[in-house]
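A short reminder: the numbers here are calculations on the coordinates, not readings from a lab. Owing to the predicted nature of the structure, the values given are computational and were not obtained by experimental measurement.
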Amino acid sequence: MKSITLPGTLDSLDALAEFVHGAAAEAGFEKKAAYRLHLAVDEVATNTITHAYAEQGIEGQLYLAAEIDPAALRIHLEDTGPAYDPTQREAPADLDLPLEERGVGGLGLFLAKRNVDGFLYERRGDRNRVTFVLNRPKPAA
């Protein structure tokens with residue numbers, strides 16, 4: 001399992017992208033799937049940096065790990081912010097309304113969940129852990 005620890009700042013998002021794309025390439029994913037995974041991880045990391053760290057006036061780290069097995073690629077993103085379970089966040093109720101009539105917020109997390117095959121949350125000690133799962137393509141027979 002590969003891992004990296006980054007400062008919980010927006011300046012870390014380029015290194016995060018590099019890590020996610022590298023893991024996706026190593027797992028054999030095409031660029032389109034790697035990009036979808038990157039968008040999902042980036043959304044949650046940006047929310048963590050903005051809401052769990054900056055708005056709370058605390059400094060923190062982002063802990064990323066990539067786990068590849070024959071069935072899937074899993075990216076684990078951990079932070080030490082206040083407990084927050086993004087799986088409990090409902091999809092915005094106003095998705096059918098024109099853009100100018102929609103409320104602010106919630107869409108990024110909704111799209112992050114839709115871009116991956118699995119989106120899991122657990123609290124481990126003092127850390128939030130979100131796991132993003134992309135199922136690996138079956139080898140051609």
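Report the percentage of all Cα-Cα pairs in region 39-92 whose separation exceeds 17 Å, rounded to a whole percent.
On the way: 630 of 1431 pairs.
Value for region 39-92 (Cα pairs over 17 Å): 44 percent.
Residue-wise, which Karplus ³J(HN,Hα) couplings in Hz belong to region 34-47, taking 6.51 cos²θ - 1.76 cosθ + 1.60, θ = phi - 60°, and x for glycine or proline?
Values per residue, Gly and Pro as x: 4, 5, 4, 5, 4, 4, 5, 5, 4, 4, 5, 5, 4, 4 Hz.
Is region 1-83 best put as rounded, prolate or oblate by its Cα gyration tensor, with a ≥ b ≥ c the root eigenvalues, rounded for a/c under 1.5, and otherwise prolate when a/b is larger than b/c, oblate when not? Provide the component values of the computation, followed by the final result.
On the way: a/c = 2.42, a/b = 1.99, b/c = 1.21.
Here region 1-83 falls in the prolate category.
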